[in-house]
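Since the structure comes first, as structure tokens, the remarks are kept for the end.
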Amino acid sequence: MQTEDKVLDKLAGVRSADIEAALDPAEADGVFRDSRECAGLALFAGGGKLLLSPPTPRPKKG
Amino acid sequence: MEQSGTSTLLQGAVQDLASSVVSALRSGDHTHVLPAGTEEAGDVTLAAVRVLGADALLPGTLLRTPPDPAGLAVFRKAVEAYPPRADAAPTVRWSHWAMARALHRADPSGTFERPDEPGTGWLDGASWQFLTHQLAVLAPLALPGEDDGVTRAAGRRTVDVARGFVRAVRRRDWRQAAGAGRWLTLLPGVPETLGLRAGLEFVELMGGQDPQVALQLEAARLLARTGALV
């Protein structure tokens, strides 16, 4: 029953920390599209002009 | 970052539950979304219900069908088992409040008392990026005809949410895009140039295999169909 006890210990650990992390997630790291991809997306979207707007500025390093 | 075993278990349970909600929204049969009784629902399942929040009752809410008493008991147990701590983040507090509201609506004759609405001060003056992220996390609040503080805050910043939707698509953050898109189906004054409908189709194409993305998209589809405005 030792394995079962370990599993139960793990389950007992599903408490505030795990739940709150899931309910208050940090923003996922994003991958920005380049202009050609956006143009393709606009074609797919059939005229979503906003998706063709210039990329959001990224912070400069240094 | 390495995830704990419990975190992985929990995420898997949340994904399974989200899949059940999606199936129920598509089929109209919501009787088997939640376990059939509190005896059957283990800790991980209860925690998953708490994480999915009010959306665990979404099929009954949107399709206006009477709740399954056994599933409702599981939902209530999750609400009572995981109240927010006093210093919990606003999204944690609002998520719990949304569950309490859903429970109260589904079972108005029950003994469960609705807690007071949390504040919205953390959204005052929030950047459009942060606002969109927070709204996407709180997408279960995006329901027709509601008048809570978060919904009012969203309604005052439709264009910012639209900008956030575009940003999320371009960052390939499909969960955020789907959550923001669900809000936009309800908000007044969405720019036509956004191409929301096509944008949501694109999100489905790219990220729809994630049940949590699919859930928001299915909710958005139903909300758009009903044409409900905030």
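Consider B:Q176 carefully, then state whether it is surrounded by fewer than 24 Cβ atoms within 10 Å (Cβ to Cβ), modelled with pLDDT of 95 or more and among the polar types (S, T, N, Q).
Criteria not met by B:Q176.
For B:A70, indicate whether it is buried (at least 16 other Cβ atoms within 10 Å of the Cβ), more than 23 Å from B:Q212 (Cβ to Cβ) and outside the structural domain of B:P211 (by TED's automatic domain parsing).
yes
Kindly indicate which of B:D173, B:D160 is among the charged types (D, E, K, R) and in contact with a Gly (Cβ under 6 Å, 6 or more places away or on another chain).
On inspection, the qualifying residue turns out to be B:D173.
Looking only at the range B:46-78, how many residues end up being assigned to a helix (DSSP H, G or I), more than 10 Å from chain A (Cβ to nearest Cβ) and not hydrophobic (A, V, I, L, M, F, W, C)?
The number of residues fulfilling the criteria is 8.
Quick one: count up the residues across the range B:169-190 that are facing chain A (nearest Cβ under 7 Å), in a loop (DSSP other than H, G, I, E, B) and not acidic (D, E).
Looking only at that region, the number is 2.
Is it the case that some residue within the range B:138-157 is without any contact (Cβ under 8 Å) to a residue 60 or more places away in the chain, more than 30 Å from B:S20 (Cβ to Cβ) and within 13 Å of chain A (Cβ to nearest Cβ)?
So far as the range B:138-157 goes, no, none of its residues is without any contact (Cβ under 8 Å) to a residue 60 or more places away in the chain, more than 30 Å from B:S20 (Cβ to Cβ) and within 13 Å of chain A (Cβ to nearest Cβ).
Only one of B:S27, B:S95, B:S19 is in contact (Cβ under 8 Å) with a residue 40 or more places away in the chain, surrounded by fewer than 19 Cβ atoms within 10 Å (Cβ to Cβ) and either more than 14 Å from every other protein chain (Cβ to nearest Cβ) or touching a helix residue (DSSP H, G or I) at 6+ places or on another chain (Cβ under 9 Å) (or both). Can you tell me which?
B:S19
Take B:P84 and decide whether it is in contact with a helix residue (DSSP H, G or I) (Cβ under 8 Å, 6 or more places away or on another chain), part of a loop (DSSP other than H, G, I, E, B) and more than 25 Å from B:L222 (Cβ to Cβ).
yes
Could you go through the range B:124-141 and let me know if any residue there is assigned by TED's automatic domain parsing to the domain that holds B:P66 and buried (at least 23 other Cβ atoms within 10 Å of the Cβ).
For the range B:124-141, residues assigned by TED's automatic domain parsing to the domain that holds B:P66 and buried (at least 23 other Cβ atoms within 10 Å of the Cβ): absent.
Taking the range B:35-90 only, how many residues are among the polar types (S, T, N, Q), over 14 Å from B:S20 (Cβ atoms) and over 15 Å from the mean Cα position of the chain (by Cα)?
Of the residues in the range B:35-90, 2 are among the polar types (S, T, N, Q), over 14 Å from B:S20 (Cβ atoms) and over 15 Å from the mean Cα position of the chain (by Cα).
Within the range B:112-122, is there a residue that is within 14 Å of chain A (Cβ to nearest Cβ) and surrounded by fewer than 18 Cβ atoms within 10 Å (Cβ to Cβ)?
The answer is yes, given that some residue of the range B:112-122 is within 14 Å of chain A (Cβ to nearest Cβ) and surrounded by fewer than 18 Cβ atoms within 10 Å (Cβ to Cβ).
The values are calculated or read from the model by the stated rules, or taken from the named source; none is laboratory data. No experiment lies behind these values; they were computed from the predicted model shown. We place every Cβ from the backbone using ideal geometry, glycine too, and count neighbours over all the protein chains shown.
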